[in-house]
Amino acid sequence: MKNATDKERQILAAEFVLGTLDKNERHAVKVQRKQDAKLNKAIIDWQNHFSELNQYVDERTPRPDLLDCILTKIDQQNANEKSPLSKSQTVNAMSQDQVIIDLQAMRAKLKRWQFAALSSSAVAACLLVFVVLPSSPEQTNAPFIATFQSDDSQPAFIMSLDIATRQLTVRPITAQGQVGKTYQLWIKSDDIGPSPRSLGLLGDATGQVQKQIDYASGTLRHATFGISLEPAGGSPTGLPTGPAIHGKLYPTSL
Amino acid sequence: MLLNKTAQQDREAFAMLYHSTHRKLFGIVHRILKHDAKSEEILQEIYLKIWEKSSSYQADVSSPITWMATIARNRTIDEVRKNQLPDSDEEIDFDSIIDDSMAPEDAFAKSKELSKLESCLAELGAPRGEMIKAAYLDGYSRQELSERFNQPLGTIKTWLHRGIKQLQGCMKL
């Protein structure tokens with residue numbers, strides 16, 4: 001198709017837009033359109049014309065939490081993009097203000113999850129990002145404190161994490177126990193897989209819980225944490241299934 | 001405009017954009033994939049792409065919904081073609097396709113775009129017009145069109161190419 005005629009271009013472009021090309025042909029067209037302005041123009045023209053047919057497509061409603069899932073993935077992408085920067089010499093550029101702003105954005109998002117009916121495991125798969133720990137050479141061994149809030153006033157839990165010793169302490173503040181329910185702590189990190197992993201049960205929020213976390217400090221620094229409300233005995237699926245409470249993170253140097 | 005605001009990483013605008021378009025895009029994806037969970041998975045990818053690529057949207061090239069629907073269809077078609085075997089290597093002789101495109105009728109000039117496209121498709125004659133619509137709306141491959149319209153693959157290719165040529169003339173492309 002190096003010396004494609006206009007006729008060939010039009011047919012190729014239209015078939016590409018219709019979707020009738022096989023995967024190899026589609027790939028070839030995607031490559032070729034970057035080098036052939038006429039082909040690219042023909043594709044755009046056919047897209048605009050054939051798109052009128054979309055009026056025949058009936059609207060359909062996906063599951064209601066999909067936007068939250070998308071926003072979560074956007075957050076994760078942003079966090080991943082920021083992560084290499086924070087490892088570099090520009091670590092100090094991540095000021096406390098930035099941390100708080102980022103977390104407030106997460107908080108706004110997570111607020112929508114709080115009292116949603118979380119009956120499906122698909123929803124549970126979205127309950128990933130609660131608190132992101134910034135990393136900094138100066139902060140490597142400094143404890144971090146995260147507050148998990150169930151509303152905009154008082155925190156439900158406070159968690160402190162000493163990355164050097166991997167000692168984690170979760171203390172209930174306003175969290176209330178519920179009959180037949182238990183709180184469960186989760187960690188999510190690309191280092192340990194795509195799904196959140198349980199850090200254990202927090203019980204019914206009657207007292208402080210301490211845990212020794214068996215993850216490398218490097219993993220912990222970039223991990224995300226969350227607390228969900230689960231049936232007694234913990235999540236039956238191995239993933240968060242209950243309502244999530246969100247948190248704010250403060251370096252202890254504040 | 002919501003897409004422009006989305007390009008500036010405006011989450012509220014993105015959420016509004018999602019709420020105003022997701023049912024349509026999900027309809028497009030689901031009509032092709034015909035599977036709820038898979039369609040939802042792909043729809044997530046589509047909106048992530050919309051978020052990432054929104055700064056490249058050009059208002060003078062296409063409408064926002066056309067741009068978004070194009071992203072949706074491209075991703076969906078890629079998905080359904082991913083695991084399909086390629087068509088045979090039979091070469092198509094483009095020159096053998098008769099140039100029977102029609103000059104557009106004046107009556108179409110003031111019609112709305114869909115009416116114009118419909119009229120042009122109708123000119124292709126049954127079942128070629130239906131075949132083009134089935135390819136676009138249902139994401140059928142040539143092989144699937146061959147089975148659906150009970151015609152040899154070579155005939156489907158010829159119908160497609162001839163139909164495209166006719167449409168090109170009819171729609172002044």
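The values are calculated or read from the model by the stated rules, or taken from the named source; none is laboratory data. Please read all numbers here as calculations on a predicted model, not as lab measurements. No Cβ is skipped: glycine too gets one built from the backbone with ideal geometry, and neighbour counts run over all protein chains shown. Note: areas computed on protein heavy atoms with side chains; ligands, DNA, RNA excluded. Shrake-Rupley method; radii C 1.70, N 1.55, O 1.52, S 1.80 Å.
Pairs of C-alpha atoms in region A:6-56 farther apart than 17 Å represent 29 percent of all such pairs.
In Å², nearest 100, what accessible area do chains A and B bury in total when the solvent probe is 1.4 Å?
5400
The largest accessible area among A:Thr174, B:Thr6 belongs to the first residue in A:Thr174, B:Thr6, and the rest follow in falling order (1.4 Å probe, all chains). Among the trypsin sites (Lys or Arg not before Pro) in region B:28-83, those located in a DSSP loop and surrounded by at most 15 other Cβ atoms within 10 Å of their own Cβ are B:Lys34.
In order along region B:64-74, the Karplus-derived 3J(HN,Hα) couplings, from 6.51 cos²θ - 1.76 cosθ + 1.60 at θ = phi - 60°, round to x, 5, 5, 4, 6, 5, 5, 4, 4, 5, 4 Hz, and Gly and Pro are given as x.
Summarising the label geometry, the points placed 7 Å from Cα in the beta-carbon direction at A:Gln55 and B:Gln8 lie 3.3 nm from one another.
Using θ = phi - 60° in the Karplus curve 6.51 cos²θ - 1.76 cosθ + 1.60, the 3J(HN,Hα) couplings for region B:135-150 round to 4, 6, 6, 9, x, 6, 7, 4, 5, 5, 5, 4, 6, 5, 9, 6 Hz; x is entered for Gly and Pro.
Local charge for A:Lys211 was computed over the other residues whose Cβ lies under 14 Å away, with Lys and Arg +1 and Asp and Glu -1, and equals +1. Placing pseudo-labels 7 Å out from each Cα toward the beta carbon at A:Lys38 and B:His19 gives an inter-label distance of 4.8 nm. Over 21 Å apart at the Cα level, from the set A:Lys38/B:Lys24; A:Lys38/B:Lys112; B:Lys116/B:Lys165; A:Lys34/B:Lys53; A:Lys41/B:Lys38, are A:Lys38/B:Lys24; A:Lys38/B:Lys112; A:Lys41/B:Lys38. Suppose R0 equals 30 Å. What FRET efficiency, 1/(1 + (r/R0)^6) with r the Cβ-Cβ distance, do B:Asn150 and B:Glu113 give to the nearest 0.05? With R0 = 30 Å, the Cβ-Cβ based efficiency is 0.45.
For region B:2-82, what does the accessible surface come to per residue with a 1.4 Å probe? Please give it in Å².
43
Each residue, A:Arg171 and A:Gln208, gets one label point 7 Å from its Cα in the Cβ direction; the gap between the two is 0.5 nm.
Work out the FRET efficiency for A:Gln77 and A:Ala164 from their Cβ-Cβ distance, taking R0 = 25 Å, and round it to the nearest 0.05. Walk me through the intermediate numbers first.
Numbers: r = 29 Å, r/R0 = 1.16.
Approximately 0.30, to the nearest 0.05.
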